[in-house]
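Trainee: Sharing a structure below in structure tokens format, with a few things to ask.
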Amino acid sequence: MCGIVGYIGHRKAYPIVLNGLKRLEYRGYDSAGIAIYDGNELKFSKTKGKVADLESKIEADISTQGTIAIGHTRWATHGVPNDVNSHPHFSNSGDLVIIHNGIIENYEPLKQELKNRGYTFQSDTDTEVLVNLIEDVQKKEGVKLGKAVQIALNQTIGAYAIAVFDRRKPNEIVVARLGSPLAIGVGDKEFFIASDASPFLEFTKNAIYLEDGEMAVVRTHKEMKVRKIHDDSLVDPYVQELQMNLEQIEKGGYDHFMLKEIYEQPDAIRDTFRGRMLVDQGLIKMAGVDDHIDKFLNAKRIIVVACGTSWHAGLVAEYVFEELARIPVEVEYASEFRYRNPVIDKDDVLIAISQSGETADTMAAI
Ligand code: GLU
């Protein structure tokens, strides 16, 4: 997973987006970046590493003025974690800027087609392909940004939560969602965009959670319209009043302080967890299987199904469960498991792990 944050309105966007990225750190990431339009220029900074590294880089690097900004914490799926592959990404003209959570599965043919049309690419990401596809549509069809995003997305296969804006029209951000979460905080002549509500809770309690296949153009001083990406039909957005309070924000987006502690103290956990303590310390609760704890701990075998980096996480699970709980574990590639007719005993427990970009095979395997 990764995190996306955006702001458009009348406040200074930089601190909102930066703090928002900090609140989304729990989602895991390898790089961070931010783009701000300061009234004259589109400024950006991005780096492999932590949000704190980004913060020191930005303060040395760019002006933090401006009331429109987008920010991203990346969990690399296409291209190694480095400064260039970090988001935001720009179109060839430098006008469009995008942040993206997810994966564009058919990015290769799209990239080839764009290359044939003269586009060049700095990064190895699927995201840079998408932003150039949007630009290409905008140029070819002579349409507004929202329409160009919609046409481009209808040519993609994959999963995404995106936020994109055009520096020539810095009064709107286009957002869209398929498979990755996206919340819009609705304030007074201002909007917040984020992977979950934690980045904007102190500013507004009103949130719209886009459904899969929906997009919106958020504009200052204008009512927001939500549409279906595939057929352009208008959707009546459900504005939800959030019940979360400051304490829950302080938990950094975690449901429980325990999860926050787990994230912050991996070494302590490694030394502490033993057998039943897996339960007491919340590791199994984290998996949401409270009702099946005994089945879990008495399992004859645990099968972990995952792909990509999640498969590597599965190897860690194999180590932890075998070492501490003495339960045999098998870690399987979801992309192969899905095509077999696997032998699973009633005393086996199957765990599926996924993160952005690796979901399709794992869902099919389940
Ligand atoms: N697929 C994109 C990339 O590799 C986005 C990954 C993410 O969700 O952070 O850059």
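Read-outs: derived from the displayed coordinates by stated rules, not from any lab. From a predicted model like this one, the values you see are computed outputs, not experimental measurements. Counting neighbours? That spans all protein chains shown, and the Cβs are built from the backbone with ideal geometry, glycine included.
Trainee: Between residue 211 and residue 93, what is the label-point separation in nm under the 7 Å Cα-to-beta-carbon projection?
Mentor: With each label placed 7 Å out from Cα toward Cβ, I get 3.4 nm.
Trainee: If a paramagnetic tag sat 7 Å from the Cα of residue 157 along the Cα-Cβ line, which residues of segment 342-362 would have the backbone N under 17 Å from that point?
Mentor: 357-362
Trainee: Moving on to the next point. Would you mind checking segment 168-193 for residues with the amide N under 18 Å from a putative spin-label position 7 Å along Cα→C-beta of residue 63?
Mentor: Of the residues in segment 168-193, 168-171 have backbone N under 18 Å from the label point off residue 63.
Trainee: Which residues does the label zone of residue 139 cover in segment 94-111, counting backbone N under 14 Å from a point 7 Å along Cα→Cβ?
Mentor: Backbone N within reach: 94-96.
Trainee: Let me ask you something else. Tally Lys and Arg at +1 and Asp and Glu at -1 over the other residues with C-beta under 11 Å from the C-beta of residue 362: what net charge comes out? Intermediate values should be presented prior to the final figure.
Mentor: Details: positive: 338; negative: 332, 358, 361.
For residues surrounding residue 362, the net value is -2.
Trainee: Using alpha-carbon positions, what is the distance between the centroids of segment 135-158 and segment 85-117, in Å?
Mentor: Cα centroid of segment 135-158 versus Cα centroid of segment 85-117: 12 Å apart.
Trainee: How about segment 295-366: which GluC sites (Glu not before Pro) there lie in a loop by DSSP and see at most 12 other Cβ atoms within 10 Å?
Mentor: On the way: sites: 318, 322, 323, 330, 332, 336, 358; in loops: 358.
Loop-located and lightly packed - none at all.
Trainee: Mind checking segment 325-366 for chymotrypsin sites (Phe, Trp or Tyr not before Pro) that DSSP puts in a loop (not H, G, I, E or B) and that have at most 12 other Cβ atoms within 10 Å?
Mentor: On the way: sites: 333, 337, 339; in loops: 339.
Of the chymotrypsin sites (Phe, Trp or Tyr not before Pro), the ones in loops of segment 325-366 whose Cβ has at most 12 other Cβ atoms within 10 Å are 339.
Trainee: While we're on this one: At 0.36 nm per residue, and after removing the present C-alpha to C-alpha distance, how many nm does the segment from residue 339 to residue 53 gain when stretched out fully?
Mentor: Residue separation times 0.36 nm, minus the Cα-Cα distance, leaves 98.7 nm.
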